[in-house]
Structure formats: structure tokens, C-alpha cells
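Chemist: Got a structure for you, written out below as C-alpha cells; questions coming shortly.
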Amino acid sequence: MGSHRPTRVHIREVGPRDGFQNEPEQIATDDKIRLINSLGRAGFTRIEVASFVRPDVIPQLSDGVAVLAGIDVPASVSLMVLIPNSKGLDNALKVRDRFHEAAIFVSASETHNRKNVNRTVSETMADNDVMARRITSEGLRCAAVIATSFGCPYEGKVGLDRVLDLAEQFAEAGAVEVGFGDTTGMANPAYAAEFFAAALERLPQIEVTAHFHNTRGQGLANAYAALEVGCTSFESSFGELGGCPVPKGSTGNIATEDLVSMFHEMGVDTGLSLPGVIEAAREAQSVLGRKLTSHSIIAGPINWSPHADVVAAH
Ligand code: ZN
């Protein structure tokens, strides 16, 4: 298994979308912009910054257009927006020059999809097919996300083949990346390894992304398991912000700074500055006015001398 471990991975920071949408309070637009700019300085090349959901459904993200207009990050940063439906895509395309990637999504289980977007999986996939083609024809990068890929809080087990069938449908429609979300933290490292080995084998034409939540404290172990079978693309959230609107209490993406710390210590390059990520997470902590739960916010980077040059190089 170890022979598949990559030496370089991509991490997309999803805190400004997956994280901020789950905050009970509305974060000021200027604060969001400041935090995204800090993430840009930390070296991210991929940041999910906004969602074009209906403002009455997720008011926390209703300022997406203003956020996109205010962001000042290096040109190397690919900005992603989440698109729930064709109406959301219409709205996003009005500011088409402000972002680079659009993500469309479905839940692998019928019940979660129904509760999340009030449609069946096949209705959602029919709409996704049309949207993927529109996104691609606009010259934007189309990514897809499959929620509840590792289990559903309402239905229990979700079949691996069912999830990979959905991923193939997305790929056929033009998505060049599919992210597999452990929306409510139901994966374990053994299944994560089995899952990503199968996904990488069956989907060689697209980028396969791991999106783990730390709901039950196994997020990093799952990321490690995916890495060891060759996964090179991950999503995480600074400060361990995030969760899922349904069901309530589905807390926290894996913390970006903890993921980066683990990868760097293993000799896996992320292109990121760990101190820069920690600094951004600490800024988020002061904006939100409460202690965030990542370990590295508290402990800081490891500073032992054999690895000091590795840390400095990032
Ligand atoms: Zn998530």
C-alpha cells in the first residue's frame, strides 16, 4: 500500500463556503474577504469561496457576489463557487469573470438528497447534466461533489458502486473532478482505503478528491488512508470550520492546518505555508469570537530540528 503514497498533493480550502455556511451568525462581508485574502497568502491555489444557493435557505452565504468582487488573491488561486441548481448557475454566470471553477452536487442517498435539495437523485442528476455542459461551455472548470458517499445518517450504508456510477455520470457530463464527501463523518480508514482504491481505478479520466469531515474524530485517519492508496486531492477547512445543514449537529470538516501538518511531517508536499494557514485560522477565531477546535491552532507547527528545513521550505 505504501508504494502508492504520492509526494505532492493539492488541498482545496473550503472553509469560506462549507465553514461559513454553518456559522450561526452572519459573518460580515469584509471579514470574509479579509480571511480569504489571508488564505491566499498562505499559498492555496484552490479556495471554495461562495455558494449560489437561495439567500432564504442559507442567509450566511447571501453575499457571494460582494465577496467575489472584494477578494484580492494571487492570480494563481483558482476560486470555486458551489452551484445548487440552474437558477443559481444563472446568477453565478452574471459574475462569470470573478471565479474559475463551479461545483455541482448530489447526495448519494435518496433521503439525504431529498432533505438537502428536495428532489430525487435522478431529478438532481438530470439538472446536473445540463449544468455541467453549460459550465464547461462557459470555459469554466466543472467539478462535482457527491455527498454522503461513505454512508447516510438516514439510510445507513451507501453502495460503493452506486457512488461510482454517479461519479461516472458526472464525468460523462463534463466534470473533470469529483469530490467524495463524508458529509456526516461515517467513513473509517479501512473503508476509505477500499473506496479510494476503487475510485482511482475506475475514474482515471478525472481528478478524485477526498472530502472528509471530522464528526467522529476520524477525519485525519481517513485522509491518511486515502493518501496511502494514491489520492492526491483533498478538501479541508481552516480552523475545522464546517458541517452540513442536514442533519443538525453534523460538525466540522477536517482542519486544514492539521492535515497540512500531517502531510508535511510525512514528507508530502502541499505547496502551503503551515504557519500561514495557522495564522488564517487564528484570524477566523478572532472574527468568530470563539475558540476553534483544530489542534494546530493551539500547538502550532512542530519545530524539531530534523524537520525545521521542511517547515521553512513551505
Ligand atoms: Zn463538507
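Chemist: Of all residues in the range 53-75 being closer than 28 Å to Gly271 by Cβ and crowded, with 16+ Cβ neighbours inside 10 Å, which is nearest to the ligand (Cβ to nearest atom)?
Modeler: Among those residues, the one meeting the criterion is Leu61.
Chemist: For the range 240-258, enumerate the residues that are out of contact with any Pro (no Cβ under 8 Å at 6 or more places or on another chain), modelled with pLDDT under 95 and not aliphatic (A, V, I, L, M).
Modeler: Across the range 240-258, the qualifying residues are Glu240, Gly242, Gly243, Cys244, Pro245, Lys248, Gly249, Thr251, Gly252, Asn253.
Chemist: Among the residues of the range 102-129, count how many are in contact with a Lys or Arg (Cβ under 9 Å, 6 or more places away or on another chain), more than 16 Å from the ligand (Cβ to nearest atom) and not polar (S, T, N, Q).
Modeler: Count: 3.
Chemist: Have a look at Val208, Val176 and point out the one that is open to solvent by 10 Å² or more (accessible area, probe 1.4 Å) and among the hydrophobic types (A, V, I, L, M, F, W, C).
Modeler: Values: Val208 fails: open to solvent by 10 Å² or more (accessible area, probe 1.4 Å).
The unique qualifying residue is Val176.
Chemist: Given the conditions (1) modelled with pLDDT under 95; (2) loosely packed, with under 15 Cβ neighbours inside 10 Å, which single one is not true for Pro153?
Modeler: (2)
Chemist: Looking at (1) touching a helix residue (DSSP H, G or I) at 6+ places or on another chain (Cβ under 8 Å); (2) of a type in the set (D, E, K, R); (3) within 23 Å of Gly276 (Cα to Cα), can you tell me which one Arg46 breaks?
Modeler: (1)
Chemist: Would you confirm whether or not the range 100-109 contains a residue that is modelled with pLDDT under 95, within 25 Å of Ala132 (Cβ to Cβ) and open to solvent by 20 Å² or more (accessible area, probe 1.4 Å)?
Modeler: No - not one qualifying residue is present in the range 100-109.
Chemist: Determine which member of the set Asn188, Asn118 is open to solvent by 60 Å² or more (accessible area, probe 1.4 Å) and closer than 17 Å to Ala223 by Cα.
Modeler: Of the residues listed, the single one that is open to solvent by 60 Å² or more (accessible area, probe 1.4 Å) and closer than 17 Å to Ala223 by Cα is Asn188.
Chemist: Within the range 94-116, which residues are under 17 Å from Val163 (Cβ atoms) and among the β-branched types (Val, Ile, Thr)?
Modeler: Passing the criteria: Ile104, Val106, Thr111.
Chemist: Before we move on, is Arg162 surrounded by fewer than 17 Cβ atoms within 10 Å (Cβ to Cβ), among the basic types (Lys, Arg) and at pLDDT below 95?
Modeler: no
Chemist: Also, I was wondering about something else. Would it be correct to say that Thr29 is among the hydroxyl-bearing types (Ser, Thr, Tyr), open to solvent by 10 Å² or more (accessible area, probe 1.4 Å) and within 19 Å of Glu235 (Cα to Cα)? I'd like the intermediate steps shown before the answer.
Modeler: Working: among the hydroxyl-bearing types (Ser, Thr, Tyr): yes; open to solvent by 10 Å² or more (accessible area, probe 1.4 Å): yes; within 19 Å of Glu235 (Cα to Cα): no.
Spelling it out, it is not the case that Thr29 is among the hydroxyl-bearing types (Ser, Thr, Tyr), open to solvent by 10 Å² or more (accessible area, probe 1.4 Å) and within 19 Å of Glu235 (Cα to Cα).
The values are calculated or read from the model by the stated rules, or taken from the named source; none is laboratory data. Not measured: the values here are computed from a predicted model. Here the Cβ is made from the backbone with ideal geometry for all residues, glycine too, and neighbour counts use every protein chain on show. Just the protein is used for accessible areas: all its heavy atoms, side chains included, with ligands, DNA and RNA removed. Shrake-Rupley method; radii C 1.70, N 1.55, O 1.52, S 1.80 Å.
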